[in-house]
Amino acid sequence: MEMKNLEKAMDIYAKLVTGEEIKRGGANGNLYDDYYGNAEVYEIVSVILKKLNLNLYEYKESLFLSAGDGNRIFGYTNDELKKVMGLRYNKELYLCYFIIYEILLSFYSDSATYQYKEYIRIEDIMEEVGKALSVFTKEIALYNLEEEETESFRTIALLWDELPASTGEDRSEIRASRAAGYVKLTFNFLIGEKLFVEVNKRYYPTERFQAIVEHYFEEYRGQIYEALSRDRQSGEE
């Protein structure tokens, strides 16, 4: 192993892990060329990322780093994510996870259709989440939100459609306000992770978002959708 190749590989890792852009023709374009043009550099970077449970994605001649599944160093635990997002309960966090999934589906429906919108709005996601969860709230009076398991889709649906605290308040307005709050909170987190940018209440996906989402479909083949389908059909969590 040549020391200069090790140094190049470490430079690539250091730039990516600190959130710097590595793009052909960009400020760190030489590192992009080293990664794809030098077999030893490519191999060293691959070994480092595998050992650290990190994924490297390429999109439009740019490199993007993402934490692997269950990564306790570069990823978030549920408790850490609740703290970052300002949430108190697991059921709130799982609702935000579901909102992220619906945001994802707003741009990509499956691995064969990489067609996506230019932007989305909060009200668009509110509508899609409401439609997706409505199957679990058709008989909402039969269920007690506190008795439901926090991991179930029904619990998420009941939280989304929870009855207002006071009979004198307008239920639809309260539900809309609360729903918008959860969606806004989720978008704020995604912006912080450099997955979206907001312009005039419109949310535009970044190339980092597109890189991660396309690889999600290629690697996981819609496991969340499969879990949702099972829950709808059998009530399993």
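The values are calculated or read from the model by the stated rules, or taken from the named source; none is laboratory data. Just so you know, these numbers come straight off a predicted model, no measurement behind them. Cβ: placed from backbone, ideal geometry, glycine included. Neighbour counts: every protein chain shown. These accessible areas exclude ligands, DNA and RNA; they are computed on the full protein's heavy atoms, side chains included. Shrake-Rupley method; radii C 1.70, N 1.55, O 1.52, S 1.80 Å.
The conditions of being modelled with pLDDT under 90, assigned to a loop (DSSP other than H, G, I, E, B) and of a type in the set (Ser, Thr, Tyr) are not met by Ser66. If you go through segment 69-111 and pick out every residue that is within 21 Å of Phe153 (Cα to Cα) and in a helix (DSSP H, G or I), you end up with 22. So in segment 12-24, with the set limited to residues that are in contact (Cβ under 8 Å) with a residue 12 or more places away in the chain and open to solvent by less than 80 Å² (accessible area, probe 1.4 Å), which one is nearest to Phe74 (Cα to Cα)? So, considering only residues that are in contact (Cβ under 8 Å) with a residue 12 or more places away in the chain and open to solvent by less than 80 Å² (accessible area, probe 1.4 Å), the one nearest to Phe74 (Cα to Cα) is Val17. Which residues, taken from segment 49-73, are over 18 Å from Ala27 (Cβ atoms) and open to solvent by 80 Å² or more (accessible area, probe 1.4 Å)? Selection gives Lys50, Lys51, Asp69, Arg72, Ile73. Considering the conditions (1) under 15 Å from Lys184 (Cβ atoms); (2) open to solvent by less than 30 Å² (accessible area, probe 1.4 Å), Asp124 is excluded by exactly one of them, (2). Residue pairs whose Cβ atoms lie under 6 Å apart, sitting 6 or more positions apart in sequence or on different chains, and linking a residue in segment 40-54 that is within 13 Å of Met10 (Cβ to Cβ) to a partner that is surrounded by 13 or more Cβ atoms within 10 Å (Cβ to Cβ) and of a type in the set (Val, Ile, Thr), are Val45/Ile12.
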